[in-house]
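Reviewing the structure listed below.
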Amino acid sequence: MTLHLVMVGPPGAGKGTQAKQLAKAYQLAHLSTGDMFRDQVARHTELGKLVDPIMKSGGLVPDDLTVAIVRDRLQQPDCTSGVVFDGFPRTVAQAQALDALLHEMGASIALVPCITVNDEAVVERISGRYTDRNTGQIYHLKFNPPPAGADLFQRPDDQEAAVRQRLQEYYRKTEPLIAYYQQRGVLQQFDGMQSIDDVFSAIDQAIRQL
Ligand code: AMP
């Protein structure tokens, strides 16, 4: 059985954290367009140079570029048993493109976990978020403190002005996905103010009931 999940929710809701755990538990490919773009930026590719200023400002990368990298990624063999999409789609146009891509593969979206958190929590979570340069592990200075001596860095778009811009983009362009997936009967809401483990258990239970 193949399983396709789409994580929806504002920045800082915990989509990445849950997506990683779900990928591990169900042997799914973890497809994060944010990670893919950050990798392009780090490797100074043409695409990286193009998306770097957009990401830094908290804006969205154009749909055609985003859909193109997802299309390529879905050709990789690890995607055949299922995928958890994290940070994609972010617009209704991307959601329509994803439906078409999955249809070509004979697949469809089984569940869209929508993780809800309030705006104050988003800002608090994101402003304390740091990544370990060596392991890629993400920590939070208050909620999930890093070990002493960890070599940490902050995502440039996790600074306050960019966070505000990202939230605005979320409400304008990404929130309409909730209605889009609700109409298809695949959306389920999860309270992202619970602990990481409790959010995971709730999503896990929903998957088992599919
Ligand atoms: P994320 O790691 O998912 O928070 O994404 C970081 C940044 O990458 C976003 O703020 C956007 O600039 C860009 N990005 C990631 N995914 C997408 C997407 N599906 N569509 C457009 N831009 C994206």
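The values are calculated or read from the model by the stated rules, or taken from the named source; none is laboratory data. Values in this document were obtained by computation on a predicted structure and should not be read as measured data. Every residue, glycine among them, receives a Cβ derived from its backbone with ideal geometry; neighbour counts consider all protein chains shown. Only protein heavy atoms, including side chains, enter the accessible area calculation; ligands, DNA and RNA are left aside. Shrake-Rupley method; radii C 1.70, N 1.55, O 1.52, S 1.80 Å.
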Kindly check whether there is at least one residue in region 133-155 that is touching a Gly at 6+ places or on another chain (Cβ under 9 Å), open to solvent by less than 30 Å² (accessible area, probe 1.4 Å) and closer than 24 Å to ARG38 by Cα. yes
Could you tell me which residue of region 23-32 is nearest to VAL51 (Cα to Cα), considering only residues that are surrounded by fewer than 23 Cβ atoms within 10 Å (Cβ to Cβ) and not basic (Lys, Arg)? SER32
Out of (1) under 22 Å from GLN183 (Cα atoms); (2) open to solvent by 50 Å² or more (accessible area, probe 1.4 Å), the odd one out for ARG43 is which? (1)
In region 114-170, what residues are part of a strand (DSSP E or B) and of a type in the set (D, E, K, R)? ARG129, ASP132
Scan of region 62-92 for residues that are part of a helix (DSSP H, G or I) and near the ligand (Cβ under 10 Å from one of its atoms), ordered by number: ASP63, LEU65, THR66, VAL67, ILE69, VAL70
Can GLY59 be described as near the ligand (Cβ under 9 Å from one of its atoms), open to solvent by 10 Å² or more (accessible area, probe 1.4 Å) and part of a helix (DSSP H, G or I)? no
Can you tell me which residue in region 176-192 is farthest from TYR26 (Cα to Cα), limited to those that are within 17 Å of the chain's Cα centre (by Cα) and exposed (fewer than 14 other Cβ atoms within 10 Å of the Cβ)? PRO176
